[in-house]
Structure formats: C-alpha cells, structure tokens
Amino acid sequence: KTFFPTQTISFVFLCIGPVVATSPTQSALKEELGSTHQAIKTVMRWTGASERTVKHWFSGTHGPSGQYLIALASNSDEVLSYFLKAANRPSLSIGPRLISIRAMLLELVKLIDASVDT
C-alpha cells in the first residue's frame, strides 16, 4: 500500500483501485466548468467517457481513473493543479496558471490598444 500525507487523504485510492481523486476532481471540474449539462458534455468530449460516468464524477460518487484522469488533467488546469497538489508537487502547478495569466494580459493589451486608437 502507498501512504500519502494526511493533507492529501482524499487521494488515497490513487494507486490502489479504480476510484481516484473523487472529491478534489469534483471540485476542480465544477470550479472550472460549472455544473451544467454543457459542462458534462465538455468532459465527455475531453475523455471519451459516457455521460453516466461523467455525471458520477460531477456528483462525487466516483472519480476518474487512469486514462480518464490523464485526459482531464490534459484539458483542465484545475484538475491538473489538484493532481499536482495531491502528488505533493504544488510548485509545478504554477505553469498552467502563468499561461492563463499571459493570455489574460495579452487580451488586456488588445483592449488597451483598441481604446487608445479610438
């Protein structure tokens, strides 16, 4: 069995069985996408999982495992951040945030340029 620090206790099943990261994954998905039917469809496209499976992830009754967790982390900065924190590697989660901040700054520069030009 793998022992994880108490701060990541909700990820205990990461290496043990098919249930992975239930509550943190649920929180990350809802935080990034909301809890609409469109959010469920988006996650279905990202992962190839069935609607029922994705609804379980959103409700927190089950969590994604293996390939689904990788697909979620590939598409969702929030899921990636939660995963890196669970792996006790929070310093690595700064990368996706920097990319998001850069995109926001570029958009802000465009807005400033547009307002100065008029």
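What to note about this one:
- All positions within region 57-95 that are touching an Asp or Glu at 6+ places or on another chain (Cβ under 9 Å) and loosely packed, with under 11 Cβ neighbours inside 10 Å: none
- Within region 93-115, being among the hydrophobic types (A, V, I, L, M, F, W, C) and either farther than 19 Å from residue 32 by Cα or in contact (Cβ under 8 Å) with a residue 60 or more places away in the chain (or both) holds for 105, 106, 108, 109, 111, 112, 114.
- For residue 88, the criteria (1) out of contact with any Pro (no Cβ under 9 Å at 6 or more places or on another chain); (2) farther than 16 Å from residue 23 by Cα hold in every case but one, which is (1).
- Every condition in (1) more than 12 Å from the chain's Cα centre (by Cα); (2) closer than 14 Å to residue 25 by Cα; (3) part of a helix (DSSP H, G or I) is met by residue 83 except one, and the failing one is (1).
- Restricting region 96-118 to residues that are in a helix (DSSP H, G or I) and either β-branched (Val, Ile, Thr) or surrounded by 13 or more Cβ atoms within 10 Å (Cβ to Cβ) (or both), the residue that is farthest from the chain's Cα centre (by Cα): 116
- Tallying residues that are among the β-branched types (Val, Ile, Thr) and modelled with pLDDT of 80 or more within region 72-103 yields 2.
The values are calculated or read from the model by the stated rules, or taken from the named source; none is laboratory data. Note that the structure is a prediction, hence the values are computed from the model and not measured. So basically every Cβ, Gly included, is an ideal-geometry build from the backbone, and we count neighbours across all protein chains shown.
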